[in-house]
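Shown next, in structure tokens, is the structure this report addresses.
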Amino acid sequence: MQKRNDLDLDRFENILKEREAQLEENIAQLKSELDIVGSDDGINDVEDLASLKNISSKDNTLLKRQEDELKETQHALTKIKNGTYGICEKTGKSIPVERLEANPIARYVVGAEDQD
């Protein structure tokens, strides 16, 4: 694999760092909300309890997605540092700039994730 010279890596790094900061903020807020929901022992109404459980379930799902995206964002930032950003992890081919602009955390060229 060779380093991509056709990408503005500083631009992608800035995009990824901004996204990383936003995700970290979202995760902290979701965790705070889940702590509040989980500690509300004064609710006796069955409907309120069911509603809180539903909110908690949705927040947990959203939290998991945000944490996964944060890991992918950090992985992409690591790839920028080690010179492998924009290179498909399966095929070794260059990921098109348009794909990276649409999805800066892309690891593969289209279709490569289905190959085994």
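The values are calculated or read from the model by the stated rules, or taken from the named source; none is laboratory data. Everything numeric in this text was worked out from a predicted model, so none of it was measured. Virtual Cβ from ideal backbone geometry, glycine too; neighbours counted across all protein chains shown.
Mind listing just one residue for me: the one in the stretch 85-115 that is among the hydroxyl-bearing types (Ser, Thr, Tyr) and touching a residue at least 40 places away in the same chain (Cβ under 8 Å) and, of those, nearest to residue 75 (Cα to Cα)? So, considering only residues that are among the hydroxyl-bearing types (Ser, Thr, Tyr) and touching a residue at least 40 places away in the same chain (Cβ under 8 Å), the one nearest to residue 75 (Cα to Cα) is 85. Within the stretch 77-109, being within 17 Å of residue 6 (Cβ to Cβ) and not in a loop (DSSP other than H, G, I, E, B) holds for 79, 80, 87, 94, 97, 98, 99, 100, 101, 102. Quick one: is residue 5 modelled with pLDDT of 90 or more and loosely packed, with under 11 Cβ neighbours inside 10 Å? The answer is no for residue 5. When restricted to residues that are in a helix (DSSP H, G or I), closer than 26 Å to residue 96 by Cα and out of contact with any Ser or Thr (no Cβ under 9 Å at 6 or more places or on another chain), the stretch 7-28 contains 10.
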